[in-house]
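Taking it in order: structure first as structure tokens, then the write-up.
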Amino acid sequence: MAATPSTMLPLGTDAPDFDLVDTVSGDRLCLADIQRDRCAVLIMFLCNHCPFVKHVRSELAKIGRDYQPRGLGIAAISSNDVAKYPDDSPNKMKAEARSAGYMFPYLFDEHQSVAKAYRAACTPDFYLFDERGKLVYRGQLDDSRPSNGLPVTGDDLRAAIEAVLAGKAPSGDQKPSIGCNIKWKAGNEPDYAR
């Protein structure tokens, strides 16, 4: 499995808007729906088949359970080419969300435009925005990888979330996430992913 790092979108970037179908509820959701009555927003790019995501899926579900009640809006997005990767299709996304215990929307980015707007490069890729919609954290969940034997703790992302919920800035020492590259449709690969 090839490991691809995050692009590390500049801190302070405004949260790009989106309008996508939630594969669990069938509803169309935009960024404002995720932000409503929340003090911060976490956008995660995931997919079903990636070994890096499978490695952390329990922790992602736990982050949802721990932080949504505390005012964190969360949405996961899958942008993979489902013609080539049918395990990432919307029906299978819905089944994965239920199996993994995700309590947050799992959105399908069919045209891959949202992944491009966020400059997402890998799965998992994490973007944490403050109450003003400004990017304050982009980076890894923690130091664990499928092959390194370290426990999955969520320490890096959890520290950033805790800081934002306390009205503070997360540490500027942010390490890129590492994961499978987003599976771009033929001819749709963005310049930053080449």
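The values are calculated or read from the model by the stated rules, or taken from the named source; none is laboratory data. None of the values given here were measured: they were computed from a predicted structure. So basically every Cβ, Gly included, is an ideal-geometry build from the backbone, and we count neighbours across all protein chains shown.
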If you go through the range 149-170 one residue at a time, how many are part of a loop (DSSP other than H, G, I, E, B), modelled with pLDDT of 95 or more and farther than 16 Å from residue 44 by Cα? 9
Would you point out the residue of the range 19-67, among those that are part of a helix (DSSP H, G or I) and of a type in the set (Gly, Ala, Ser), that is nearest to residue 158 (Cα to Cα)? 64
Tabulated pairs, the range 72-97, first acidic (Asp, Glu), second crowded, with 22+ Cβ neighbours inside 10 Å and outside any helix (DSSP H, G or I), C-beta under 7 angstrom, 6+ apart or interchain: 87/48; 88/47; 88/48; 88/78; 88/80; 96/48
Going through the range 40-62 one residue at a time, which ones are over 25 Å from residue 19 (Cβ atoms) and either at pLDDT below 95 or touching a Leu at 6+ places or on another chain (Cβ under 6 Å) (or both)? 56
Kindly list the number of the only condition in (1) assigned to a loop (DSSP other than H, G, I, E, B); (2) of a type in the set (A, V, I, L, M, F, W, C); (3) closer than 24 Å to residue 11 by Cα that fails for residue 83. (3)
Just a yes or no: is a residue in the range 140-158 surrounded by fewer than 17 Cβ atoms within 10 Å (Cβ to Cβ), closer than 26 Å to residue 38 by Cβ, in contact (Cβ under 8 Å) with a residue 12 or more places away in the chain and hydroxyl-bearing (Ser, Thr, Tyr)? yes
